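Inspection log for the structure reproduced underneath, given as structure tokens.
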Amino acid sequence: MTDTFSTGIHHVTLITRRVQANVDFYAGFLGLHLVKRTGGFEDSEQLHLFYGDRTGSPGSLVTFLVWEDGAQGRVGNGQVSEIAFAVPPSGIGEWLTRALARGVPVEGPSREFGEPVLRLRDPDGIIVKLVGADVSPANHENGDPAAITRLRAVTILTDTPEETAAFVSRFGYRREARAGAITRLRSDTDAVDIRDASGYVPGAPGTGTADHVAFRAETVEAVRKAESELAGLNSSPTTFHDRKYFISLYVREPGGTLFELATDGPGFAIDEAADRLGGILFIPESDQHRADALKVILPQFALPGEPRPPRRDLPFVHRFHTPDDPDGNTVVLLHGSGGNEADLMPLAHRIAPRATLLGVRGRSHEEGIARWFRRTTATTFDQADIRSEAKAFAAFVDGAIAGYGLDPARMVFLGLSNGANFAAAVMALHPGVIRRALLLRAMPVLAPLPDADLTEAKVLMIRGGNDPYDQLASPLEEWFRRNGADLDSHSIEGGHALTADDAVLGGKWFDTTMTDDAS
């Protein structure tokens, strides 16, 4: 099969939980170029970043799927466990100095297969090796004499080392050496190290792990030929994909590691100028109909040298979306059951296009989904949990105001279903924390609802006329009025789900409320 492939690694794809820290490490510290940013091809609500040399040459690329604040994975068998970049041998000392100065975890230098090696850990804990090797760069870089030149190797953990090595050898690799539990296979440009990890735990997907390693194929015809040959081998199922910047084929090797074959072309310059790669967020063609929403959902970041907001350690997972021309207003978002901190951002952006959005994630979980508090039945709830979480949320709001410099007089809290119910409970238990609330499909969850001074509160409730829980909204409306809140309530056609009317009514109320308050 080796005659159907260019030789070497095309790219390695990993998973990160914090996009800004990832950019700071790979672009800021390692000096790689961000050559493409796009919504994920499998899931457009997942940001995908590509780093490499200036032109994004195959053999220089490491890419990241961004699971912002996502669950951590487990490195184990059936995964790439380490990636390695080649640097000039004379630059190893310089990189050690840089790592120590920046506080980057580093070990070494040591020697592996006769080459000097530094072992770093990126912000997710992924092992990144810098290897002193005289290899031709994927695309020559000018300037930094110690700059990374290309990918040097990956290490694969497997409990079937012979079968894994035999499978890798089909892609242009040959056995070169063995050191302890590691067998090194070499191509003309790089290496794959097969580590015998028999008896070790299997890998589990998540942040801080690798998704796959891709090998180079010259043409689409070569990929199709490989697909046919792998089918003849009775390998794992293969899947063929058009990734716009390359055509690819996925297959799992016998030890479980996901491999990809990716064509060298057409490359990253097909939709951006070659000298300005990575400057624009692209959305896959299949999701262009919701491109505006996705551009709000996907996490923002700043490149090295660009201003970036601070990040505070607060008791709830949270994320900001800052528009191009913020007006000083902030909308705090409380998702419904099973949602996350970004779910309501498209709606909030339609309601208040110039407001900064602060999405927050509930901390209670049921059957793997995020909620704001535990429930005992569909309409009865854990009262102690509500009170505990409401107290923590009040502390979160105080911390966000102080830590991010938010103006309490220009904050609106937007909640849907479980999030709206929680916001109303916070207003009952901690009056003054939430003074302006836009509550969608809300119902009371405290039993009983306590009296509270809401004379400074302004509230919009939007009910769904066909919502099975709609009849439970009336007691909450009555409670707001009885406690002095300025309540505006609307019933719309529709059920529990969001409709276009929510954005229309919410936008009118927001404009009126914030204009009145400003005057």
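The values are calculated or read from the model by the stated rules, or taken from the named source; none is laboratory data. Keep in mind that this is a model prediction, so the values were computed, not measured. Note: ideal-geometry Cβ built from the backbone for every residue, glycine included; neighbour counts use all protein chains shown. Accessible surface areas use protein heavy atoms only, side chains included; no ligands, DNA or RNA. Shrake-Rupley method; radii C 1.70, N 1.55, O 1.52, S 1.80 Å.
Does Tyr173 satisfy the criteria of being among the aromatic types (Phe, Trp, Tyr) and open to solvent by less than 50 Å² (accessible area, probe 1.4 Å)?
yes
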Discussion item. All but one of (1) open to solvent by less than 20 Å² (accessible area, probe 1.4 Å); (2) in contact (Cβ under 8 Å) with a residue 60 or more places away in the chain; (3) of a type in the set (Val, Ile, Thr) hold for Thr63; state the number of the condition that does not hold.
Written reply: (2)
Worksheet item: Do you know which residues across region 404-435 are surrounded by 24 or more Cβ atoms within 10 Å (Cβ to Cβ) and in contact (Cβ under 8 Å) with a residue 60 or more places away in the chain?
Response: Val412, Phe413, Leu414, Gly415, Leu416, Ser417, Asn418, Gly419, Ala420, Phe422, Ala423
Practice prompt. Keeping to region 405-430, report how many residues are farther than 30 Å from Leu472 by Cβ, within 26 Å of the chain's Cα centre (by Cα) and either aliphatic (A, V, I, L, M) or modelled with pLDDT under 95 (or both).
Written response: 1
Practice prompt. Select, from Ala226, Ala191, Ala147, Ala197, the only residue that is over 30 Å from Tyr26 (Cα atoms), open to solvent by less than 30 Å² (accessible area, probe 1.4 Å) and touching a strand residue (DSSP E or B) at 6+ places or on another chain (Cβ under 8 Å).
Written response: Ala226
Worksheet item: Does Ala226 meet the test of being assigned to a loop (DSSP other than H, G, I, E, B), among the hydrophobic types (A, V, I, L, M, F, W, C) and touching a helix residue (DSSP H, G or I) at 6+ places or on another chain (Cβ under 7 Å)?
Response: no
Item to complete: Only one of these is more than 27 Å from the chain's Cα centre (by Cα) and modelled with pLDDT of 95 or more: Glu112, Glu141, Glu82. Name it.
Response: Glu112
Worksheet item: Does region 30-45 contain any residue that is under 26 Å from Val131 (Cα atoms), of a type in the set (Ser, Thr, Tyr) and either without any contact (Cβ under 8 Å) to a residue 24 or more places away in the chain or open to solvent by less than 10 Å² (accessible area, probe 1.4 Å) (or both)?
Response: no
Discussion item. For region 226-248, give me each residue that is of a type in the set (A, V, I, L, M, F, W, C) and at pLDDT below 95.
Written reply: Ala226, Leu230, Ala231, Leu233, Phe240
Worksheet item: Does region 237-251 include one or more residues that are within 27 Å of Glu45 (Cα to Cα), in contact (Cβ under 8 Å) with a residue 40 or more places away in the chain, among the basic types (Lys, Arg) and out of contact with any Asp or Glu (no Cβ under 7 Å at 6 or more places or on another chain)?
Response: yes
Item to complete: Those residues that are in a helix (DSSP H, G or I) and of a type outside the set (Ser, Thr, Tyr), I need them from region 401-418; list them, please.
Response: Ile401, Ala402, Gly403, Pro408, Ala409, Arg410, Asn418
Practice prompt. Considering every residue within region 250-262, establish whether at least one is modelled with pLDDT of 95 or more, surrounded by 14 or more Cβ atoms within 10 Å (Cβ to Cβ), assigned to a loop (DSSP other than H, G, I, E, B) and hydroxyl-bearing (Ser, Thr, Tyr).
Written response: yes
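What do you reckon, is Ile369 under 19 Å from the mean Cα position of the chain (by Cα) and either under 15 Å from Arg436 (Cβ atoms) or without any contact (Cβ under 8 Å) to a residue 40 or more places away in the chain (or both)?
Working: under 19 Å from the mean Cα position of the chain (by Cα): yes; either under 15 Å from Arg436 (Cβ atoms) or without any contact (Cβ under 8 Å) to a residue 40 or more places away in the chain (or both): yes.
Yes: the conditions hold for Ile369.
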Practice prompt. For region 22-39, name all the residues that are farther than 19 Å from Asp69 by Cα, hydrophobic (A, V, I, L, M, F, W, C) and in contact with a Phe, Trp or Tyr (Cβ under 9 Å, 6 or more places away or on another chain).
Written response: Ala27, Leu30, Leu32, Leu34, Val35
Worksheet item: Which condition does Val504 not pass, out of (1) part of a helix (DSSP H, G or I); (2) without any contact (Cβ under 8 Å) to a residue 12 or more places away in the chain; (3) more than 35 Å from the chain's Cα centre (by Cα), if it passes all the others?
Response: (3)
Worksheet item: If you check Ala402 against the conditions, is it within 31 Å of the chain's Cα centre (by Cα) and closer than 21 Å to Met345 by Cβ?
Response: no
Discussion item. For region 381-403, give me each residue that is touching a strand residue (DSSP E or B) at 6+ places or on another chain (Cβ under 7 Å) and surrounded by fewer than 16 Cβ atoms within 10 Å (Cβ to Cβ).
Written reply: Asp382
Worksheet entry | Qualifying residues in region 436-464 (those that are touching a Ser or Thr at 6+ places or on another chain (Cβ under 8 Å) and open to solvent by 40 Å² or more (accessible area, probe 1.4 Å)) - the one modelled with the lowest pLDDT | Ala447
